[in-house]
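Trainee: This is the structure, below, for whatever I ask next.
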Amino acid sequence: MVGGDEQLDRLVRSRIRALRVAQGWSLEELSGRARLSQSSLSRIENGQRRLALDQLVTLARALDTTLDQLVDNATDDVVVGPTVDSAHGLMRWPVRSDPGLSVVRQRITEPPPENPAAMRAHPGREWLVVLSGTAVLLLGHRRFRVETNQAAEFPTMEPHAIGTAGGPCEIMGIFDRDARRGHQRDGDDRPGATP
């Protein structure tokens, strides 16, 4: 492989074959799409031909992926642990593939605020799933009950707050970069937390 090591070389070759098979394509079909000879493609997949950068770019395009995804070697961090924010009752996991995303797990024990002025709005989107109990999502003038195993997704430019209905609930939320920034302005990135 171009400037690569043997392990990465094997990984890239197996990805090419796996992506081809997942598409249901024969060697002939992929070689036609990539404008490579069938024998060249076969030798690339089985390790009998050196991987060249121009061929990898062409193969990535033909397989509807990117060169970065084809040669990504960051497989060491498959399992990641959370950071715990005990003060706010949060567990937070990084999303390695998109540092702009944040996954947060939270136990909510309070109902949503009665005062509409306590709701917040900021750029971004949030997605949450209720793991246990029932959450109440206030979104503008609307009120939604989100039961266990139900999810909600909403633009955070609309004033919002999240609380519980009749007992504790546990939620897991995903924030995009803007939504996380919006919550962190007040030093708190809990879903729907009020300033």
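Trainee: Among the residues of the range 73-87, is any at pLDDT below 85 and surrounded by 13 or more Cβ atoms within 10 Å (Cβ to Cβ)?
Mentor: yes
Trainee: Right, something else. From (1) modelled with pLDDT under 90; (2) within 21 Å of the chain's Cα centre (by Cα), pick out the condition that doesn't hold for ASP186.
Mentor: The failed condition is (2).
Trainee: Here are VAL136, VAL104, VAL129: which of them is in the same structural domain as ILE171 (by TED's automatic domain parsing), part of a strand (DSSP E or B) and surrounded by fewer than 19 Cβ atoms within 10 Å (Cβ to Cβ)?
Mentor: Matching residue, one of VAL136, VAL104, VAL129: VAL129.
The values are calculated or read from the model by the stated rules, or taken from the named source; none is laboratory data. For clarity, every value in this text was computed on a predicted model and none was experimentally measured. Glycine also receives a Cβ, built like all others from the backbone with ideal geometry; neighbour counts cover every protein chain displayed.
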